[in-house]
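Participant: Can you read through this structure? Questions will come right after.
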Amino acid sequence: MLGYTPQELAERSLADLAHPDHALHSIDSWTQLLREPDHVSTSEMMARHKDGSWRWIESTTRNLLHEPGVQAVVVNFRDITERKLAQAERERLGLRLRQAEKMEAVGRLAGGIAHDFNNVLGGIFAYGEMLFEKAPEKSPLKRYAQNILAAATRGRELVEQILAYSRSQRGKRAPVDVGNVVAETLELVRGSLPAGIRLEANAPGSRLVVIGDATQLHQVVMNLCRQRDPGHERSGAMRVALEAADVSAERGLSHGTLRPAATCA
């Protein structure tokens, strides 16, 4: 079963064959067995095969040293490696199934919340549009109304993203002008800054277009601004700069690899 001849096994101790995690327990069980005549012990352990691999062994051991006709410890071994591997695979699949069920439940919950939030946004859109129509031209109220509608639009896009997640769909990927996304986000950030904090933005005049999800890019910019939130400061500046970078070779990132952009004639 383990690839050894009887002579080779006779020259080895139990500790040589048992897995390090099981060796101490096996030695303790063997010691107890030798002290108690007619004692029977059943256990499972990993034993090293002659080829170096580990096998799961189920053993039933009985102390018959006191029996004149036997005068030995009788051990019955059975290789249960395949059973253990199948059991481990069942546990792995069971874990994946439970995880999938949890994610399904989260998706249903997210879908329900998104639908309710969409109803709330309906009122925000309605009142924001009325405010925009009634506000005088070139007045602060006009700009405030635009910001309300822009934020509500982002909220609706978030709702669509949550619904797509709940349906296990991939978010929309399309050409997006990063400059516009940054400008819209900074307009929202500007309204939440303390009076003594000024927002300084710098962006190139040319369009910077990438393939991606505008809502997710908006979240990235918003998160970056929050990480540098100067709300605890009474005065100062928050500087945001957008610039193009030439990636001539692959660049390793924390979540993957950025590949060079393909050039077009």
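Participant: Label-point separation (nm) for N119 and A245, each offset 7 Å from Cα along Cα-to-Cβ?
Facilitator: Distance between label points: 4.5 nm.
Participant: Arrange the peptides 85-97, 208-220 so that the one whose residues have, on average, the most other Cβ atoms within 10 Å appears first.
Facilitator: Packing order, densest peptide first, comes out as 208-220, 85-97.
Participant: Now for a different question. If you only keep lysine pairs separated by 8 or more in sequence, or across chains, how many in the chain come under 30 Å at the Cα atoms?
Facilitator: Final tally of qualifying lysine pairs is 4.
Participant: Pull up all non-local amide H partners of A201: gap of 5 or more, or a different chain, and H-to-H distance under 5 Å with H placed in the peptide plane.
Facilitator: V240
Participant: HN-Hα J couplings of region 205-216 from phi, Karplus 6.51/-1.76/1.60, θ = phi - 60°, integer Hz, Gly and Pro as x?
Facilitator: With coefficients 6.51, -1.76 and 1.60, one gets x, 6, 6, 10, 9, 10, 8, x, 9, 4, 5, 5 Hz.
Participant: Report in % the part of the accessible area of region 27-67 that belongs to carbon and sulfur, leaving out ligands and nucleic acids; probe 1.4 Å.
Facilitator: Heavy-atom surface of region 27-67 belonging to carbon and sulfur, 1.4 Å probe: 49 percent.
Participant: If you don't mind, there's one more thing I want to ask. Nearest 5 percent is fine: what portion of the DSSP beta bridges confined to the chain is antiparallel?
Facilitator: So the antiparallel bridges amount to about 80 percent of the total.
Participant: Given a 1.4 angstrom probe, I'd like the percentage of the accessible area of region 97-225 that is carbon and sulfur, rounded to a whole number.
Facilitator: 59
Participant: Expressed as an acute angle from 0 to 90° and rounded to the nearest 10, what is the orientation of the C-alpha long axis of helix 140-166 relative to the principal long axis of the chain?
Facilitator: Between helix and principal axis, roughly 30 degrees.
Participant: In what sequence, largest accessible area first, do M1, M222 appear using a 1.4 Å probe?
Facilitator: Sorted descending by solvent-accessible area, the residues read M1, M222.
Participant: Let me ask you something else. Any idea of the accessible area per residue across the chain, 1.4 Å probe, to the nearest Å²?
Facilitator: On a per-residue basis, the chain sits at 71 Å².
Participant: While we're on this one: Report, in degrees rounded to the nearest 10, the 0 to 90 angle that the Cα long axis of helix 20-35 makes with the longest principal axis of the chain.
Facilitator: Between helix and principal axis, roughly 30 degrees.
Participant: Please list the non-local residues whose amide H lies under 5 Å from the amide H of G212, H modeled 1.01 Å from N, same-chain partners needing a gap of 5 or more.
Facilitator: A174, V176
The values are calculated or read from the model by the stated rules, or taken from the named source; none is laboratory data. Bear in mind that the values here come from a model prediction, so they are computed numbers and not experimental data. We place every Cβ from the backbone using ideal geometry, glycine too, and count neighbours over all the protein chains shown. Remember, those area values only see protein heavy atoms, side chains included, never the ligands or the DNA or RNA. Shrake-Rupley method; radii C 1.70, N 1.55, O 1.52, S 1.80 Å.
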